[in-house]
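Participant: The structure's right below; bear with me while I get my questions together.
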Amino acid sequence: MGHPESRESGMLQQSELPPGQRLQRGWPVTHYGPVPKFKPDRWEFRVFGSTADGEKRCWNHEQFSALPFSTVVADLHCVTKFSMLGAEWGGVAARALAELAPPAPDVTHVMVWAEYGFSANLRLSDFTSDRTIFATHKDGELLTAEHGFPLRLVVPHLYAWKGPKWVRGVEYMTADRRGFWEERGYHNIGDPWTEQRYSYQELPGDGPEF
Ligand SMILES: Nc1nc2c(c(=O)[nH]1)N[C@H]1C(S)=C(S)[C@@H](COP(=O)(O)O)O[C@H]1N2
Ligand SMILES: [Mo]
């Protein structure tokens, strides 16, 4: 059942609800654990694992803030069944980051790492999809602490747990590995349009063995 083509056409897409979702007024805060305190002099963003040249790349907050800024209009679909439609996310396109710090040719997946060891795994193609964005802003304003300041990932075509708040880095992987929620019963891929909510729904090839 893929999703309508209008969704792929970029900024002027029509928002709509995936099956089983309901519209949320306002913007609730959903996460596991405490909200981390941002320490600008300790913060860095790291790309590591199987990079093309075998080297890690690090940006401090000032350097990261100077990366090319772009925007994407996208929805958030929480697997607990509420959706927020039509937010404009501003920040650094994941694809742009992957061009600055390219993966080795045999990389198939990434682990996106956040404060306190929170993580989410993605297929490399989900990560480098043209609408995946490391967001610093929503609707023109800096993110608030509880929504992920200074940086969160937004993966518009997957459930929102695939987008860590307080994100600190990306690990390039040559095999898939489950992240935080994927180890705890949530689907390894997480496509809201086919309701890939729970790991018991996984088909052969959707994810690694537990
Ligand atoms: N670091 C971190 N990021 C996270 C989570 C989390 O538990 N920890 N939860 C995810 C889930 S399940 C959802 S629905 C969204 C919620 O984002 P919001 O609080 O800005 O609405 O954040 C995602 N990012
Ligand atoms: Mo969620």
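The values are calculated or read from the model by the stated rules, or taken from the named source; none is laboratory data. The shown structure was predicted, so the numbers you read here are calculated from the model rather than taken from an experiment. In this analysis, Cβ positions are derived from the backbone assuming ideal geometry, glycine residues included, and neighbour counts consider all displayed protein chains. Side chains included, ligands, DNA and RNA excluded: accessible areas come from the protein's heavy atoms. Shrake-Rupley method; radii C 1.70, N 1.55, O 1.52, S 1.80 Å.
Participant: Taking the stated definitions as given, is V110 of a type outside the set (G, A, S), more than 10 Å from ligand 1 (Cβ to nearest atom) and over 18 Å from W43 (Cβ atoms)? Can you show your working first?
Facilitator: Details: of a type outside the set (G, A, S): yes; more than 10 Å from ligand 1 (Cβ to nearest atom): yes; over 18 Å from W43 (Cβ atoms): yes.
Against the criterion (of a type outside the set (G, A, S), more than 10 Å from ligand 1 (Cβ to nearest atom) and over 18 Å from W43 (Cβ atoms)), V110 qualifies.
Participant: If we keep just the residues of segment 26-54 that are of a type in the set (V, I, T) and away from ligand 1 (no atom under 16 Å from the Cβ), which is nearest to G179 (Cα to Cα)?
Facilitator: Going through segment 26-54, the residues of a type in the set (V, I, T) turn out to be 29-30, 35, 47, 51.
From the residues that got through so far, the ones that are away from ligand 1 (no atom under 16 Å from the Cβ) too are 47, 51.
Details: V47: 17, T51: 20 Å.
Filtering first and then ranking leaves V47.
Participant: Hey, among Y186, Y159, which residue is open to solvent by less than 50 Å² (accessible area, probe 1.4 Å), among the aromatic types (F, W, Y), under 24 Å from V29 (Cα atoms) and touching a helix residue (DSSP H, G or I) at 6+ places or on another chain (Cβ under 7 Å)? Quick ask: steps written out before the conclusion?
Facilitator: Numbers: Y186 fails: open to solvent by less than 50 Å² (accessible area, probe 1.4 Å).
Only one candidate passes the filter, namely Y159.
Participant: Consider A87 against the criteria (1) open to solvent by less than 10 Å² (accessible area, probe 1.4 Å); (2) of a type in the set (A, V, I, L, M); (3) in contact with a helix residue (DSSP H, G or I) (Cβ under 8 Å, 6 or more places away or on another chain); (4) within 16 Å of ligand 2 (Cβ to nearest atom): it satisfies all of them except one. Which criterion is unmet?
Facilitator: Status for A87: all satisfied but (3).
Participant: Report, by residue number, each residue of segment 67-83 that is more than 16 Å from ligand 1 (Cβ to nearest atom) and open to solvent by 70 Å² or more (accessible area, probe 1.4 Å).
Facilitator: Scanning segment 67-83 gives P68, F69.
Participant: For the structure I just gave you, tell me whether L143 is within 16 Å of ligand 2 (Cβ to nearest atom) and surrounded by 20 or more Cβ atoms within 10 Å (Cβ to Cβ). Outline the logic, then answer.
Facilitator: On the way: within 16 Å of ligand 2 (Cβ to nearest atom): no; surrounded by 20 or more Cβ atoms within 10 Å (Cβ to Cβ): yes.
No.
Participant: I need every pair where a residue in segment 28-57 that is polar (S, T, N, Q) has its Cβ under 8 Å from the Cβ of a residue that is within 16 Å of ligand 2 (Cβ to nearest atom) and assigned to a loop (DSSP other than H, G, I, E, B), sequence separation at least 6 or different chains.
Facilitator: That search, which allows pairs on different chains as well, returns T30/C78; T30/T80.
Participant: Would you be able to tell me the number of residues in segment 44-66 that are small (G, A, S) and open to solvent by 50 Å² or more (accessible area, probe 1.4 Å)? Steps first, answer last, please.
Facilitator: Filtering segment 44-66 for residues small (G, A, S) gives 49-50, 52, 54, 65-66.
Subset that is open to solvent by 50 Å² or more (accessible area, probe 1.4 Å): 52, 54, 65-66.
Residues meeting the conditions: 4.
One line per residue, one yes/no per condition, for (1) more than 25 Å from G49 (Cα to Cα); (2) away from ligand 2 (no atom under 15 Å from the Cβ):
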| residue | (1), (2) |
| --- | --- |
| N121 | no, yes |
| R131 | no, yes |
| F134 | no, yes |
| D139 | yes, yes |
| P192 | yes, no |
| G207 | no, yes |
